[in-house]
Each structure stands twice: as C-alpha cells, then as structure tokens.
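*Asks:* This is the structure, below, for whatever I ask next.
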Amino acid sequence: MKVLQKLTHKEEEVMKMLWKLERAFVKDILAEYEVDKPHYNTLSTMIRNLEDKGYVAHEAYGNTHRYYPLVKKEEYRKKYMNKVISDYFNNSYKGLVSFFAEEEKISVEDLRDIVAEIEKKK
C-alpha cells in the first residue's frame, strides 16, 4: 500500500465530505459546503491532488468523473491520531485522556464508561 501523505486542512475537509457522500461528482461535493465555498476549478484541483496522493479514485462518465475514497475514514483517523499522541503526548494515551480531563472535555462519568468498555473487552 502507498504511504499516505498528511492532508492539508482543506483536503481533510474534502475527504470528510467524500466519506459522507461515498461517491460524488465535484458539483455534489461543492454543494456540501455551507461557508467558504471554493471555486469549482479549485475544488476539482484539490480532488485531483487527493487522487495523486492515493486517497481518492474516480469512475469516468464521459467528460466528467465521479470520485470515491480509497482510504477509509477509520484508517485515516487511526494513523493520524497515533501521530498526534506520539507528537504531543509522548506516546501516552494516559496523557491524552488526562489532557481532556484537565480541559474539562471529558467527565468522570465518561471516564467510568470508558473503563467499563475496556473491562468488558477483557
């Protein structure tokens, strides 16, 4: 498998839309934008760049293409979450959870639920 390159923020935005739509023409993806809608040609170029990076492929319909993701959302999330944990939390999942607890982004009840899920899998 091709080594996946990190996506830009705008490329990630396009991939999120494509993961949601599953298969889409450029106009379909363009319609998903609520704000900061790019020009059609700009979006088309971004999608072709995603294709060059190995994230997207297409089916040809005459002069137009319908795009679909080659990389699953879960695969991308796992790869880049691991990178975040490595880069910002010294490979410590405990450090990640502690960060969210300190920022009050996760409650004690949420933590209990997580522990219960972990124990259930053992």
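*Asks:* Considering 35, 3, which residue is exposed (fewer than 15 other Cβ atoms within 10 Å of the Cβ), over 18 Å from residue 79 (Cβ atoms) and of a type in the set (Val, Ile, Thr)? If you could, list the steps in order and put the result at the bottom.
*Replies:* Details: 3 fails: over 18 Å from residue 79 (Cβ atoms).
The conditions single out 35.
*Asks:* Further, regarding this structure: With 59, 22 as the choices, which residue is on the phi < 0 side of the Ramachandran plot, modelled with pLDDT of 95 or more and surrounded by fewer than 16 Cβ atoms within 10 Å (Cβ to Cβ)?
*Replies:* Details: 22 fails: on the phi < 0 side of the Ramachandran plot.
Going through 59, 22 in turn, just one is on the phi < 0 side of the Ramachandran plot, modelled with pLDDT of 95 or more and surrounded by fewer than 16 Cβ atoms within 10 Å (Cβ to Cβ): 59.
*Asks:* Determine which member of the set 10, 78, 83 is of a type in the set (Lys, Arg), more than 30 Å from residue 115 (Cα to Cα), surrounded by 11 or more Cβ atoms within 10 Å (Cβ to Cβ) and within 16 Å of the chain's Cα centre (by Cα).
*Replies:* On the way: 78 fails: more than 30 Å from residue 115 (Cα to Cα); 83 fails: more than 30 Å from residue 115 (Cα to Cα).
After ruling out the rest, the residue left standing is 10.
The values are calculated or read from the model by the stated rules, or taken from the named source; none is laboratory data. Just so we're clear, the structure is a prediction, and the values are computed from it rather than from any experiment. For neighbour counting, all protein chains shown are included, and Cβ atoms are generated from backbone atoms with ideal geometry for every residue, glycine included.
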